[in-house]
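Have a look at the structure below before the remarks.
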Amino acid sequence: MSEPQPTPQPEIEITGLSKVFGQGSAAFKALTDIELNIRTAEFFTLLGPSGCGKTTLLRVIAGFEQPSQGSVRINGQEVAGLGPNARPVNTVFQSYALFPHMTVAQNIGFGLKMLGRPADEVAATTADMLKLVQMEAMADRKPSEISGGQQQRVALARALAPQPRVLLLDEPLSALDLKLRKEMQTELKRLQTETGITFVFVTHDQEEALTMSDRIAVMSGGRILQLGSPSEIYNSPSERFVADFIGDTNFLKVKVVEALTETVNVRLPGGALHSARLPDGLRPAAGDDVSVVVRPEQATLGDGAKAHLTGTVTNSVFFGTDTHIHVNLEDGTPFTLRRQNAGNTAPPAPGTMVGLTLADGALQVIRE
Amino acid sequence: MASDPNQTEERHGWKWLLATPALIVLVLAASGPLMIVVLYSFLSPGNMGGVAWEFSTDAWFRVFMRRDIFDPENVTVNQAHLAVLWRSVWLSAQTTVICAVLGFPTAWFIATRPPGQRTVWLFLITIPFWTNLLIRTFAIQEMLRNNGTINTALMWMGVINEPIPMMFTDFAVLLGMAYVFMPLMVLPLYAAMDKMDFRLVEAGYDLYASRIAVLRHVILPLVKPGFIAGSILVFIPSIGAYVTPRVLGGGQKMMLGNLIALQFGQGRNWPLGAALAMVLLIITVTALVLYLRAVNRQEDKRDG
């Protein structure tokens, strides 16, 4: 994973950032040693469970919170000490925070008006923004008179109107129902491509993160655990937490039999040998016990002789496009595999002994 | 199953009957005395106070006009009464503005404390209410009089050589009323701020608004209902205030409440007192109507 050369100046550069709330024994460390570069015009996602510090990080970038340590640079300029009104970033709030006493158009024009732009420019940009989010018909309504999805669009238009360098989005889709959320995901991606503005998106929804992002930072306990593209995060999780948080995963205890440069050969429970990929910075030696992860779609039911793993089927769950088959391996470890429902093959009955074949490169060693 | 409309109506009739004791009390206690005041304002004054049962519009005439004692044909505007009326309205309006200007930061301070502390601050704001009004007013007098706390302190520090006369001035009355009625402004303002979504303030800052601009474009419009409620709650008791202008304003700086009391006491002109009380009621009701209209207009704007 080499950086493109020469490295362009990052849009947002965060170094050695920590944030502590409270003092003394009541102190709570919300962010610890955050190092992060966000590139210009990328869709960057901060992903993690609630309380992981992702919203605090967003609020530090926005200027609502000041860092306890470290620095934040936006477009090369140090922004410590600058308030939110002095930063070229705008926020889409989780609750939308539309001004209830203003119309949709007044809400959208507010930022430009505060920047002291002439009235005709405010009006023209507001009209453009209304068109961009397809809300022309609602311009004179109050926020209380439009639906949640429409409020979401207005909040987006309001934050985009002043043409910020960076748009910060704090779980903007969490209040919407599933269908609307899917629509808005596409919509957000379209807006980001059209405007070319850097998006920093906060979510706890791993599927949302995987489908929309150019890069994802997975956070837990105030730290960034892994940073990478959606496929890197999904296929090569470096930590147990990341593997567990994103998608369904099987964990296996294995023993390293041979250490190569990029990979290791490991002995699976049951004795079969298989190659496993290594995360950055982890080099186990032969004889070490390590944990590996296998995604459920990387295993197939095979015949006993060539199988890497064997076990007993406990049950099968039908999911429409695929079926999840739960297996207990010989040493008792539960293992789930996902099979596409292409043909009409019935899943094996509970109690059946099955062999499991793992795809090449299916195993990824993780840090505990 | 369709319900019988007659039965529903009958049940409503019974419910109405149950309310009659309360209605009787309301009619007797609220409307009764008011009717007596209206009636008295159209009667003639009795010799030793009270009223003589003789119809007269003289009381109403004398509210605004005066007739020369020696030359009954010489009718002039009753400037003494109009001055009292004007002072009442003007002092009450100023009291309302002072309470609003000082009450807003106070309410803001309370509303931005951690939730657990707010109760304590609200408690501190309402504590003066538990003390007798007269005692509190005398306490202010103690501070303002010529050899009171403020003048003594200023003279001791050498800022002034002679005491500044502050008692029996409009300033003294204003100070007293603003102090007494402040909680009535702070509480509705606090209620409005408590309901306010503080993320809107953040949204304002995020959209490049300065602190002043956030105050003007976001906070003030949102707490406006609190301002309107607080203003009415301060203005109405101010305009009828009796104790504060009596103690701090003395005989010269009279307000409507004192003038009314005078007519029922030394003045021995109950019909004039009753007419003045009606004038006070009319001013109060007008203020209330204006208030309700302002609130409705705001609601209309929000809905339409």
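The values are calculated or read from the model by the stated rules, or taken from the named source; none is laboratory data. The structure presented is a predicted model; accordingly, all values stated were derived computationally and were not measured. Here the Cβ is made from the backbone with ideal geometry for all residues, glycine too, and neighbour counts use every protein chain on show.
If A:D120 satisfies every condition in (1) more than 10 Å from chain B (Cβ to nearest Cβ); (2) without any contact (Cβ under 8 Å) to a residue 24 or more places away in the chain; (3) closer than 19 Å to A:G63 by Cβ but one, which is the exception? Only one criterion in (1) more than 10 Å from chain B (Cβ to nearest Cβ); (2) without any contact (Cβ under 8 Å) to a residue 24 or more places away in the chain; (3) closer than 19 Å to A:G63 by Cβ is unmet by A:D120, namely (3). A:E136 falls short on exactly one of the conditions (1) within 13 Å of another protein chain (Cβ to nearest Cβ); (2) free of Cβ contacts under 8 Å to residues at least 24 places away in the same chain; (3) in contact with a helix residue (DSSP H, G or I) (Cβ under 8 Å, 6 or more places away or on another chain); (4) farther than 30 Å from A:P8 by Cα, and that condition is (1). Between B:Y208, B:Y179, the distinction of being more than 22 Å from B:N258 (Cβ to Cβ), modelled with pLDDT of 90 or more, assigned by TED's automatic domain parsing to the domain that holds B:T244 and among the hydroxyl-bearing types (S, T, Y) belongs to B:Y208 only.
Quick one: which strands (runs of 3 or more DSSP E) sit completely within the stretch B:45-97 and have at least 2 residues that are touching a residue at least 40 places away in the same chain (Cβ under 8 Å) and exposed (fewer than 15 other Cβ atoms within 10 Å of the Cβ)?
On the way: elements: B:51-55, B:65-67, B:75-77.
Ranges flagged: none.
Selection of first residues in the stretch A:286-302 that are touching a residue at least 60 places away in the same chain (Cβ under 8 Å) and of second residues that are of a type in the set (S, T, Y), restricted to Cβ pairs under 6 Å at least 6 apart or on distinct chains, gives the following pairs, ordered by first then second residue: A:V293/A:T249. Selection of the stretch A:130-148 for residues being surrounded by 17 or more Cβ atoms within 10 Å (Cβ to Cβ) and farther than 16 Å from A:I108 by Cβ yields an empty set.
Kindly provide the set of residues from the stretch B:180-213 that are acidic (D, E) and either surrounded by fewer than 23 Cβ atoms within 10 Å (Cβ to Cβ) or away from chain A (no Cβ under 11 Å) (or both), ordered by number.
Kept after step one, since they are acidic (D, E), are these residues of the stretch B:180-213: B:194, B:197, B:202, B:206.
Correct list: B:D194, B:D197, B:E202.
Looking at the stretch A:317-334, can you tell me whether even one residue there is crowded, with 18+ Cβ neighbours inside 10 Å, in contact with a Phe, Trp or Tyr (Cβ under 6 Å, 6 or more places away or on another chain), assigned by TED's automatic domain parsing to the domain that holds A:P269 and without any contact (Cβ under 8 Å) to a residue 60 or more places away in the chain? Yes, the stretch A:317-334 contains at least one residue that is crowded, with 18+ Cβ neighbours inside 10 Å, in contact with a Phe, Trp or Tyr (Cβ under 6 Å, 6 or more places away or on another chain), assigned by TED's automatic domain parsing to the domain that holds A:P269 and without any contact (Cβ under 8 Å) to a residue 60 or more places away in the chain.
Of the residues making up the stretch B:219-243, those that are hydrophobic (A, V, I, L, M, F, W, C) and within 13 Å of chain A (Cβ to nearest Cβ) are B:I219, B:L220, B:L222, B:V223.
Within the stretch A:67-106, being within 13 Å of chain B (Cβ to nearest Cβ) and of a type in the set (S, T, N, Q) holds for A:N85, A:N90, A:T91, A:Q94, A:S95, A:T103, A:Q106. Evaluate the following for A:A159: is it within 9 Å of chain B (Cβ to nearest Cβ), under 21 Å from A:T186 (Cα atoms) and under 25 Å from the mean Cα position of the chain (by Cα)? For A:A159, the condition - within 9 Å of chain B (Cβ to nearest Cβ), under 21 Å from A:T186 (Cα atoms) and under 25 Å from the mean Cα position of the chain (by Cα) - is met. Among the residues of the stretch A:192-220, those identified as crowded, with 19+ Cβ neighbours inside 10 Å, outside any strand (DSSP E or B) and out of contact with any Gly (no Cβ under 8 Å at 6 or more places or on another chain) are A:Q192, A:I197, A:E208, A:A209, A:M212, A:S213. Applying the set (1) in contact with a Gly (Cβ under 9 Å, 6 or more places away or on another chain); (2) modelled with pLDDT under 85; (3) not aliphatic (A, V, I, L, M) to A:G343 leaves exactly one unmet item: (1).
If I ask for residues that are hydroxyl-bearing (S, T, Y) and surrounded by 14 or more Cβ atoms within 10 Å (Cβ to Cβ), which ones from the stretch B:137-169 would you list? So that I can check it myself, show each step before the final result.
Within the stretch B:137-169, the first condition is being hydroxyl-bearing (S, T, Y), and the residues that meet it are B:137, B:149, B:152, B:169.
Once the filter is applied, which keeps residues that are hydroxyl-bearing (S, T, Y) and surrounded by 14 or more Cβ atoms within 10 Å (Cβ to Cβ), the stretch B:137-169 yields B:T137, B:T152, B:T169.
When residues in the stretch B:259-280 are screened for being buried (at least 20 other Cβ atoms within 10 Å of the Cβ) and within 27 Å of B:M143 (Cβ to Cβ), 1 of them pass.
Of the residues that make up the stretch B:226-249, is at least one surrounded by 23 or more Cβ atoms within 10 Å (Cβ to Cβ), under 18 Å from B:S41 (Cβ atoms) and modelled with pLDDT of 90 or more? Checked against the condition, which is being surrounded by 23 or more Cβ atoms within 10 Å (Cβ to Cβ), under 18 Å from B:S41 (Cβ atoms) and modelled with pLDDT of 90 or more, the stretch B:226-249 yields no hits at all.
Determine which member of the set B:R246, B:R216 is away from every other protein chain (no Cβ under 14 Å) and out of contact with any Pro (no Cβ under 7 Å at 6 or more places or on another chain). Write out each step before concluding.
Values: B:R216 fails: away from every other protein chain (no Cβ under 14 Å).
The match here is B:R246.
Which of the residues spanning the stretch A:112-129 are within 23 Å of A:M184 (Cα to Cα) and crowded, with 16+ Cβ neighbours inside 10 Å?
Residues of the stretch A:112-129 within 23 Å of A:M184 (Cα to Cα): A:125-129.
Within the stretch A:112-129, A:T125, A:T126, A:M129 qualify.
Every test in (1) within 12 Å of the chain's Cα centre (by Cα); (2) buried (at least 18 other Cβ atoms within 10 Å of the Cβ) is passed by B:G176 save one, and that test is (1). For the stretch A:226-241, indicate whether the set of residues that are in a strand (DSSP E or B), in contact with a Leu (Cβ under 8 Å, 6 or more places away or on another chain) and small (G, A, S) is non-empty. Taking every residue of the stretch A:226-241 in turn, none turns out to be in a strand (DSSP E or B), in contact with a Leu (Cβ under 8 Å, 6 or more places away or on another chain) and small (G, A, S).
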